[in-house]
1. Between Ala104 and Val46, what FRET efficiency comes out of the Förster formula 1/(1 + (r/R0)^6) with R0 = 22 Å and r the beta carbon distance, rounded to 0.05?
2. From the protein chains alone at 1.4 Å, what is the descending order of accessible area for Val55, Val13, Val43, largest first?
3. Could you tell me whether region 1-63 comes out rounded, prolate or oblate from its Cα gyration tensor? Rule is a ≥ b ≥ c as square roots of the eigenvalues, rounded for a/c under 1.5, then prolate if a/b exceeds b/c, otherwise oblate.
4. Reachable lysines from Lys64, Cα under 22 Å, same-chain residues fewer than 8 places away excluded?
5. Contact order normalised by length for the chain, with contacts defined as Cα pairs under 8 Å and 6 or more residues apart; what percent is it?
6. How much accessible area per residue does region 13-106 have, counting only protein heavy atoms and a probe of 1.4 Å, in square angstrom?
7. What do you get for trypsin sites (Lys or Arg not before Pro) in the chain restricted to DSSP loop and a cutoff of at most 10 other Cβ within 10 Å of the site's Cβ?
8. How tilted is helix 23-36 with respect to the longest principal axis of the chain? Cα atoms for both, answer in degrees (0 to 90, nearest 10).
Amino acid sequence: MKGKTTSETAYLVTSLPPKKADASRLLGYNRAYWEIENRLHWVRDVTFGEDRSQVRSGNAPQVKAALTNLTITLLRRKGISNVAAALRTYAARSQEALSLVLSAHLLL
């Protein structure tokens with residue numbers, strides 16, 4: 001594909017009036033959406049395997065989601081962008097993982 005130009009058409013639905021729905025604003029909204037998708041939902045689906053999870057009964061799904069949210073929040077507040085790599089690191093260094101959890105009040 002080197003040197004080849006491609007184009008893609010995206011259709012958006014908005015409640016903005018036509019004068020405010022210019023291309024740059026719509027592109028900004030679209031990029032903001034995908035930033036959220038890539039930073040949060042992708043991490044939840046791929047790194048934490050939420051889509052494959054068989055936790056479905058009682059309060060377990062809510063507890064699992066809360067723990068996932070807490071983990072992502074603690075890592076992001078510590079300045080970590082690669083959650084998967086951080087999880088591998090902390091899995092091998094349980095004392096550091098415990099320190100992160102116990103110092104959570106300092107990060108929040």
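The values are calculated or read from the model by the stated rules, or taken from the named source; none is laboratory data. As the structure is a computational prediction, the values presented were derived from the model and not from experiment. Note that we place each Cβ from the backbone using ideal geometry, even for glycine, and neighbour counts take in every protein chain shown. Ligands, DNA and RNA are stripped out before the accessible areas are found, and what is left, the full protein with its side chains, is counted by its heavy atoms. Shrake-Rupley method; radii C 1.70, N 1.55, O 1.52, S 1.80 Å.
1. 0.35
2. On the way: Val55 60, Val13 145, Val43 10 Å².
Sorted by accessible area, descending: Val13, Val55, Val43.
3. Here region 1-63 falls in the oblate category.
4. Qualifying lysines at Cα under 22 Å: Lys78.
5. 18
6. On the way: 7120 Å² over 94 residues.
Averaged over the residues of region 13-106, the accessible area is 76 Å².
7. Lys2, Lys4, Lys19, Lys20, Arg56
8. Compared with the principal axis, the helix lies near 20 degrees.
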